[in-house]
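Asks: Here you go, one structure.
The values are calculated or read from the model by the stated rules, or taken from the named source; none is laboratory data. The structure presented is a predicted model; accordingly, all values stated were derived computationally and were not measured. Ideal geometry is used to build each Cβ from the backbone, glycine not excepted, and the neighbour counts take in all protein chains shown.
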Amino acid sequence: MKDTLIDPAISALTYRVNMAERKNEELELVCKQTAESLFQLRQELAANRVAMREDNHKQAAAVAAGILDWKDLAVPPELVIGKTPKRRNKRRASGTNRTAAVVAKRWALWKLQRAQGYTFQQIAKAWGCHHSSVVNAAKHKFNAGYIGRK
């Protein structure tokens, strides 16, 4: 009687073990395929990174070539803002070369340079003044003098 009870239990366990081994083999095959596809994806990603890096370097070089430099600005010597004389007393002294005609010409050049794409800081650095001077000129629409202004 014991033999009849053991035989079905052994056969059921043997079946389950066989099925588990088959599933294990299938999973191992799927894992190998997944590992191979991941390896290929990593290689493609690395190749794409190299290509993207090269494209970025090309674009950066093209952008850098178009950057304006303040050293390229033309500053006529007759319009240059003169340095302030040394102060003997504590009163403020303004720069030299501030006649209305000179300032009008200077502001006209500043307007042209702004239209070319230079920043306030670049223009001021080239002309040897503070950038707020150029901002003030732009605020007054580069019209020097009080004639025609409020």
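Asks: Is it true that some residue in the range 111-123 is under 18 Å from residue 96 (Cβ atoms), hydrophobic (A, V, I, L, M, F, W, C) and at pLDDT 90 or above?
Replies: Residues of the range 111-123 that are under 18 Å from residue 96 (Cβ atoms), as a first pass: none.
Within the range 111-123, not a single residue is under 18 Å from residue 96 (Cβ atoms), hydrophobic (A, V, I, L, M, F, W, C) and at pLDDT 90 or above.
Asks: Kindly check whether there is at least one residue in the range 54-67 that is in contact (Cβ under 8 Å) with a residue 40 or more places away in the chain, outside any helix (DSSP H, G or I) and closer than 30 Å to residue 123 by Cα.
Replies: Step one: filter the range 54-67 for residues in contact (Cβ under 8 Å) with a residue 40 or more places away in the chain, giving none.
No, the range 54-67 has no match at all.
Asks: Can you tell me which residues in the range 112-145 are crowded, with 16+ Cβ neighbours inside 10 Å and part of a helix (DSSP H, G or I)?
Replies: 113, 114, 120, 122, 123, 124, 125, 126, 127, 133, 134, 137 - these are the residues of the range 112-145 that are crowded, with 16+ Cβ neighbours inside 10 Å and part of a helix (DSSP H, G or I).
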